[in-house]
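Taking it in order: structure first as structure tokens, then the write-up.
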Amino acid sequence: MSRREHIVIVGGGIAGMTAATALAHAGFAATLLEAAPQFGEIGAGVTLSPNAMKGLDFIGVCEDVAAAGVEPQRQRVQHWQTGQTLVEMDRTDQRRRYGAPYVTVHRADMHAILVDAARSAGVTLRTNAAAVAVQGTTVHLADGSSVSGDAVIGADGVKSVVRQRFEPAAAHFTGHVAWRSLVPVTPTLADLAYYPGIHIGPGRMITRYPVRDNRMLNLVFFARQPGWTEDGWTIRSDPADLAAIYAGWCEGVQAMIAAAATEPLYKWAINARTPLASWVQDGAVALIGDAAHAMTPFLGHGAACAIEDAVVLARALAASSTISDGLARFFAARRARATFIQAESNANADRMQGQETDLFGIGGLRNEESLGLFDYDCRTVPV
């Protein structure tokens, strides 16, 4: 059923943009509020598995995002000390097997496509609109103004203002710290870019994948490191930290560290959320993406879950006679999957950063593909 209720979405990231566009396509009036002075994303990469790309297909941008990114043909998991391949993953059959591609893409490139899609769909986009509180279905902004709608969707990330209505607790530190850098693909890094994957070792791991037509390599270094809890995405870090933490790791890792030392390097603490009893309040306020279920990144499914939430939300609302019923159906359709992925992501950190690296994968691999996560289709799942 197509209706014209007004939905206010707080947060202009992947979750918010996808939700706003999907809602507008379903006939709702959508207003998106973004705190930043302009729309944009950080200089980092994002992995979009086939289930995420199915969600982007729902709003008509799957092939645009695929064209802006890279469809890796293979991936591998490597030993921290020897560089030996422990597990190989064939990605050549993703479209045939799952009905959508597996893509690695620069966040800014993807986000620009999402912004264009939202504008084309008729979404009202507002920048410099930082939410400070939500009362009923009215969002109060930092400049003293307010925006009211028939429903409010909190898509404002791990530090969500909207979530404060549900619980006062802040996100908790997971014990993991990460560093990120985006480096040019040089001849030294070519094999690491064209055969992307992960190096794993006791208490640490590194993931890498190409973006921008294989010209840039996205690097993310992870380590268990208690005591540092700042989670800003733009906190500069000293490359000497990486050299010390990954001393003794293999030649390929040292090449990545050397490359990261020549480009901006950022450090952040990985914070997450514990599951809520409900993501819906008063039948008119709901949470999606990290605001609902911020998780560790060790299954690479944070963005995918956000996209899935957005599409299922729009479908559930469109299929319901009232907003209250639609939000209830959305939560019922999404809770079990998101909670499962949260738990498995935490467990995967333990598997990949365990003390016995040589035994990784023996007895069966438990990752996003073997868990069946790629089979999920947010376009058709019952709501």
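The values are calculated or read from the model by the stated rules, or taken from the named source; none is laboratory data. Fair warning: this is a prediction, and the values are worked out from it, not measured in the lab. Neighbour counts run over all protein chains shown; Cβ positions are idealised from the backbone, glycine included.
Of 308, 230, which residue is within 23 Å of residue 345 (Cβ to Cβ), surrounded by fewer than 19 Cβ atoms within 10 Å (Cβ to Cβ) and among the charged types (D, E, K, R)? It would help to see each step written out before you state the result.
Numbers: 308 fails: surrounded by fewer than 19 Cβ atoms within 10 Å (Cβ to Cβ).
It is 230.
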Test: residue in the stretch 187-201 that is over 30 Å from residue 30 (Cα atoms), in contact with a His (Cβ under 8 Å, 6 or more places away or on another chain), outside any strand (DSSP E or B) and outside the structural domain of residue 290 (by TED's automatic domain parsing): no
Any pair with Cβ under 9 angstrom, 6 or more apart, that starts in the stretch 131-159 at a residue that is at pLDDT below 95 and ends at one that is of a type in the set (Gly, Ala, Ser) and loosely packed, with under 14 Cβ neighbours inside 10 Å: 159/170
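If I ask for residues that are part of a helix (DSSP H, G or I), aliphatic (A, V, I, L, M) and surrounded by fewer than 20 Cβ atoms within 10 Å (Cβ to Cβ), which ones from the stretch 239-269 would you list?
240, 243, 244, 245, 255, 258
Table: residues versus (1) closer than 19 Å to residue 320 by Cβ; (2) under 19 Å from the mean Cα position of the chain (by Cα).
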| position | (1), (2) |
| --- | --- |
| 17 | no, yes |
| 28 | yes, no |
| 34 | no, yes |
| 37 | no, no |
| 69 | no, yes |
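Regarding residue 143, is this residue more than 19 Å from the chain's Cα centre (by Cα) and part of a loop (DSSP other than H, G, I, E, B)?
Details: more than 19 Å from the chain's Cα centre (by Cα): yes; part of a loop (DSSP other than H, G, I, E, B): yes.
Here the answer is yes, as residue 143 does meet what is asked.
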Qualifying residue in the stretch 212-227 (condition: surrounded by 13 or more Cβ atoms within 10 Å (Cβ to Cβ), in contact with a Phe, Trp or Tyr (Cβ under 6 Å, 6 or more places away or on another chain) and either farther than 17 Å from residue 180 by Cβ or without any contact (Cβ under 8 Å) to a residue 40 or more places away in the chain (or both)): no
The stretch 125-154 - residue that is β-branched (Val, Ile, Thr) and buried (at least 17 other Cβ atoms within 10 Å of the Cβ) and, of those, nearest to residue 309 (Cα to Cα): 153
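Name the single residue, out of those in the stretch 270-290 being in a strand (DSSP E or B) and touching a Gly at 6+ places or on another chain (Cβ under 9 Å), that is surrounded by the fewest Cβ atoms within 10 Å (Cβ to Cβ). Don't jump to the end; show me each part of the working.
Within the stretch 270-290, the first condition is being in a strand (DSSP E or B), and the residues that meet it are 270-272, 280-281, 285-287.
Pick out the ones that are also touching a Gly at 6+ places or on another chain (Cβ under 9 Å) and you get 270, 285-287.
Values: 270: 21, 285: 23, 286: 31, 287: 28.
Here the answer is 270.
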Selection count, the stretch 338-375, where residues are surrounded by fewer than 20 Cβ atoms within 10 Å (Cβ to Cβ) and closer than 30 Å to residue 5 by Cβ: 1
Test: residue in the stretch 157-177 that is in contact with a Leu (Cβ under 8 Å, 6 or more places away or on another chain) and in a strand (DSSP E or B): no
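Has the stretch 73-83 got any residue that is of a type in the set (A, V, I, L, M) and either more than 23 Å from residue 378 (Cβ to Cβ) or not assigned by TED's automatic domain parsing to the domain that holds residue 358 (or both)? Full working, then the answer.
Step one: filter the stretch 73-83 for residues of a type in the set (A, V, I, L, M), giving 77.
Then drop every residue that is not either more than 23 Å from residue 378 (Cβ to Cβ) or not assigned by TED's automatic domain parsing to the domain that holds residue 358 (or both), which leaves 77.
For the stretch 73-83, residues of a type in the set (A, V, I, L, M) and either more than 23 Å from residue 378 (Cβ to Cβ) or not assigned by TED's automatic domain parsing to the domain that holds residue 358 (or both): present.
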Single residue of 303, 277, 310, 286 found to be assigned by TED's automatic domain parsing to the domain that holds residue 53 and closer than 27 Å to residue 223 by Cβ: 303
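Please state which one of 11, 16, 55 is crowded, with 20+ Cβ neighbours inside 10 Å and touching a strand residue (DSSP E or B) at 6+ places or on another chain (Cβ under 6 Å).
Working: 11 fails: touching a strand residue (DSSP E or B) at 6+ places or on another chain (Cβ under 6 Å); 55 fails: touching a strand residue (DSSP E or B) at 6+ places or on another chain (Cβ under 6 Å).
Just a single option satisfies the conditions, and that option is 16.
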Of the criteria (1) touching a residue at least 60 places away in the same chain (Cβ under 8 Å); (2) more than 23 Å from residue 380 (Cβ to Cβ); (3) assigned to a strand (DSSP E or B), which one residue 7 fails: (2)
